[in-house]
């Protein structure tokens, strides 16, 4: 094999190797740029790989009023898309929180037990409720999940 | 003297501009306003049903979450605190105590809300219910009302706490307590009668024009009867400045539940199981339970007896409901089919039902 051909082969191999390495990292296993999405029941979902972070929207916390209690879900609990998996209590009302996707709860926000007000202060950041390892990532493409623009429009039309 | 045939129409017209005592006739219950925008609601009367308080909570949650017909409901009744019709205590968890039942909201922490030592010593059955809200002590003198609203039936009620509270106060209980007030004034005999000349342009018919009629005004200060008015204050139903009922809600996809336990009467010593909660409404201040609560019996009386007075309360709730809803009365056995579909009351209670007995051990 000529030196030029060898060089070309090495370059091509290196490119393939780097691409293979990139494709096999977790962030590309379910590769997508996933911004926040919302259900019409006002839960949000943020995805990183196969982990979905779930909470309630800023609109929801404003409507509920002062949150006084958040039921912390159980780790390893299996949830089905559309099922209620926990609830948030505000003054007089216990409001169900629904799973936007199916999977297993792998992490919960324990801070909400002692400081439920975090959910009012920063619902879409530090006020997250649970992280779900998705069992069916294709559920992310379902029609009931709205992007931020569509959710904003939904709120305007509902008011 | 008014002719009977003109009473109802004349009083309806008078009510528009003046406050009058509302006469309750059979027409008030049986006359359905055939108005297409009225929500359809199933009405369930649990007075003398035999259901315990816990069983009622189980039934309510089942109707909210699992009614295959997705109905809206209005449910009224009283209950023996702990005498179970369906639930048995084979595992020893459901204890018999016929004095009262303590019911915490779903997030209630017994150690913060109760004198736990006293509760344990007196062996008082304590449960957490599926709805939010505070702690109530229930006995056979507690009057319950529950409304389950589906958003498709109540499009103008946002499924959020404040909206639901406002709706319940404005649409139902303002009417109920106004009519209870009028009834009490009327029964006291201390009524202020006034006369007026009928003007056919504003009231009455042409043939009544020029006639002098006598009507009863609710000018209670003149009548010497002092009955505090009902209003919604923060999240409480109050009479004057005192609370007379505990409210709680549960909100699910497509609907909501709002239930209230009213204090017709209670044993003062039972309030001793409750501590002063850390989170209190502003209007309460630091008042103890005795200074903060009021018994409906002490405001409206119990003439001729307690049972009649309780029935009168539910009568007024039913009237208000018939005014606001397109009602269909349902029997308990039909409502219980929803629970039967879940495996029966015991299976539902032991399983996914969120009302649970608090174990102090």
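Bear in mind these aren't lab numbers, they're just calculated from the coordinates by the rules spelled out. Source: prediction; values computed, not measured. Cβ: placed from backbone, ideal geometry, glycine included. Neighbour counts: every protein chain shown.
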- request: Please report, in whole Å, how far the alpha carbons of region A:37-158 spread along each principal axis, starting with the longest.
  value: 37, 37, 21
- prompt: What order do you get for A:75, B:227, A:132 when you list them from fewest to most C-beta neighbours inside 10 Å?
  reply: A:75, B:227, A:132
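Please rank A:70, B:294, B:358, fewest neighbouring Cβ atoms within 10 Å first, as an exposure proxy.
Working: A:70 26, B:294 19, B:358 16.
In order of increasing Cβ crowding within 10 Å: B:358, B:294, A:70.
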message: Given region B:220-304, report the % of alpha carbon pairs whose separation exceeds 20 Å.
response: 44
- request: Multiply the residue gap between residue A:83 and residue A:141 by 0.36 nm, knock off their C-alpha separation, and tell me the result in nm, one decimal place.
  value: 19.1 nm
- request: Determine the distance separating the Cα centre of region A:99-159 from the Cα centre of region B:272-296; give it in Å without decimals.
  value: 37
field: Relative contact order (percent, whole number), region A:37-158, Cα cutoff 8 Å, 6+ residue spacing
entry: 32
query: Quick one: which of B:273-286, A:40-53 comes out on top by average Cβ neighbours within 10 Å, and what's the full order, highest first?
result: A:40-53, B:273-286
- line: The whole-number value in µm²/s of the Stokes-Einstein translational diffusion coefficient for region B:41-164, with Rh from the Kirkwood sum over alpha carbon pairs at 20 °C and 1.002 mPa s, is 135
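To the nearest whole percent, what portion of all C-alpha pairs in region B:220-361 is separated by more than 22 angstrom?
59
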